[in-house]
Amino acid sequence: MVFAMVQQMRSTRISPIVTTDRMRETRAFWVERLGFAVSFDHQQYLGVRAGDDGAPELGFMQTDADAPEPFGGAGVSVSIAVADADAECERLRRAGVTIHREPSDQPWGARSFMVVDPNGVTVFIAHRIEAAPEFAACVR
């Protein structure tokens with residue numbers, strides 16, 4: 001089988017969207033606990049971002065005719081880069097967020113901890129550390 005070379009897609013933004021029937025709990029977790037800014041606020045859609053306008057965004061959409069089933073709570077992870085994962089972990093713990101995995105060093109070059117949002121989305125919060133040689137060679 002021969003594949004033709006296709007032109008590379010160019011995008012200015014990629015925004016994952018999680019379909020949910022837990023909009024109130026989702027807003028409380030991402031905005032009130034994690035401290036994300038609201039980028040779009042409607043009863044059918046909540047957009048949150050980690051910073052000012054143009055920062056990475058994540059969307060949450062109320063179930064509807066286009067997406068009638070809420071996310072099933074498995075298979076989606078979000079990784080958030082921060083300056084200090086340990087400090088962020090303590091801040092979130094004080095805010096009442098359940099820490100599902102304490103901060104630890106990962107061989108691929110991250111010190112991370114894990115929380116889970118009300119929809120079952122796994123959230124890894126990390127800062128960079130030196131990667132083990134077998135992983136450092138993989139960075140492009």
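Tabulated values for the structure
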| read-out | value |
| --- | --- |
| Residue in the range 71-90 that is touching a residue at least 40 places away in the same chain (Cβ under 8 Å) and touching a helix residue (DSSP H, G or I) at 6+ places or on another chain (Cβ under 9 Å) present | yes |
| Filtered residue count, the range 5-47, keeping only those that are touching a residue at least 24 places away in the same chain (Cβ under 8 Å) and of a type in the set (S, T, N, Q) | 4 |
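The numbers here are math on the coordinates, done by the rules we state, and not lab data. These numbers were taken from a predicted model, which means no experiment stands behind them. Methodologically, a virtual Cβ is constructed for each residue, glycine included, from the backbone with ideal geometry; neighbour enumeration extends over all protein chains shown.
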